[in-house]
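Notes follow once the structure below has been shown.
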Amino acid sequence: MRHCPRCGAPTGALPAKCGACGYEAYLNPRPTGTVIIVRDGTFLAVRRARDPRAGWWDLPGGFCDGFEHPADAAVREAREELGVAVELGEFAGMHIGSYDFQGERLPVLDCFWLATIVGGEIALDPAEASEYTWLPLHDPPEMAFPTMDLVLRNPVIGRFGSRLAH
């Protein structure tokens with residue numbers, strides 16, 4: 001931030017307090033909601049169709065809208081990206097990460113839920129993903145974002161995932 005969003009006076013790096021009007025600005029993580037859809041010891045991965053990290057395997061999810069709970073964002077993102085209704089299961093964890101956007105590295109708070117598909121057939125949004133596959137929970141590949149690697153490699157995920165298998 002180079003200028004105060006309230007009065008336009010010059011400021012320094014975040015966090016910053018404007019010397020002219022007293023406005024305080026912070027660089028807080030942006031929350032996300034993400035689903036780990038599990039089935040028979042596997043999880044659903046989508047190949048990213050856009051940057052950052054286009055071409056990498058990803059989990060369905062995305063940023064929360066203003067005042068949206070991350071769990072609601074996870075359900076909404078699954079519907080938008082996959083065309084399916086999901087039911088959230090166990091909360092799988094949250095991790096601080098980063099997201100490169102418009103030439104900036106933004107802090108994110110990635111929130112993950114195990115989930116199952118409860119309605120609809122998978123129909124990818126081509127703006128989000130170019131393909132999908134089911135990958136093994138016991139040996140996941142490197143994912144698009146390190147927070148996904150952290151949550152998928154947590155041994156608790158495998159135990160939760162086996163309870164949701166159908």
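The values are calculated or read from the model by the stated rules, or taken from the named source; none is laboratory data. This one's a predicted model, so the numbers in the text were calculated from it and none came from an experiment. With ideal geometry, Cβ positions are generated from the backbone for all residues, glycine too; neighbour counts draw on all protein chains shown.
Being more than 15 Å from LEU109 (Cα to Cα) and small (Gly, Ala, Ser) is true for just one of ALA73, ALA54. Which residue is that?
Step by step, each of ALA73, ALA54 is checked, and only ALA54 is more than 15 Å from LEU109 (Cα to Cα) and small (Gly, Ala, Ser).
Please determine, by comparing only the residues of segment 135-160 that are surrounded by 21 or more Cβ atoms within 10 Å (Cβ to Cβ) and assigned to a helix (DSSP H, G or I), which one is modelled with the lowest pLDDT.
Filtering first and then ranking leaves ILE157.
Taking only segment 26-48 into account, find how many residues are surrounded by 17 or more Cβ atoms within 10 Å (Cβ to Cβ), over 21 Å from VAL156 (Cβ atoms) and among the aliphatic types (A, V, I, L, M).
So in segment 26-48, the residues surrounded by 17 or more Cβ atoms within 10 Å (Cβ to Cβ) come out as 32-38, 42-48.
Still in the running and over 21 Å from VAL156 (Cβ atoms): 46-48.
Then keep just the ones that are among the aliphatic types (A, V, I, L, M); that gives 46.
The qualifying residues number 1.
Quick check on my filter: what residues within segment 123-134 are farther than 17 Å from LEU152 by Cβ, surrounded by 12 or more Cβ atoms within 10 Å (Cβ to Cβ) and touching a residue at least 60 places away in the same chain (Cβ under 8 Å)?
The answer is LEU124, GLU128, ALA129, SER130.
For segment 29-43, give me the residue count where each residue is more than 16 Å from the chain's Cα centre (by Cα) and outside any strand (DSSP E or B).
2
Out of segment 77-95, which residues are in contact (Cβ under 8 Å) with a residue 40 or more places away in the chain and closer than 11 Å to THR32 by Cβ?
Selection gives GLU77, HIS95.
Can you tell me which residues in segment 60-72 are in contact with a Leu (Cβ under 8 Å, 6 or more places away or on another chain) and part of a loop (DSSP other than H, G, I, E, B)?
Within segment 60-72, just PRO60 meets the criteria.
Scan ASP40, ASP58, ASP110, ASP65 and give me the residue that is among the charged types (D, E, K, R) and free of Cβ contacts under 8 Å to residues at least 60 places away in the same chain. Steps first, answer last, please.
Details: ASP40 fails: free of Cβ contacts under 8 Å to residues at least 60 places away in the same chain; ASP58 fails: free of Cβ contacts under 8 Å to residues at least 60 places away in the same chain; ASP110 fails: free of Cβ contacts under 8 Å to residues at least 60 places away in the same chain.
Just a single option satisfies the conditions, and that option is ASP65.
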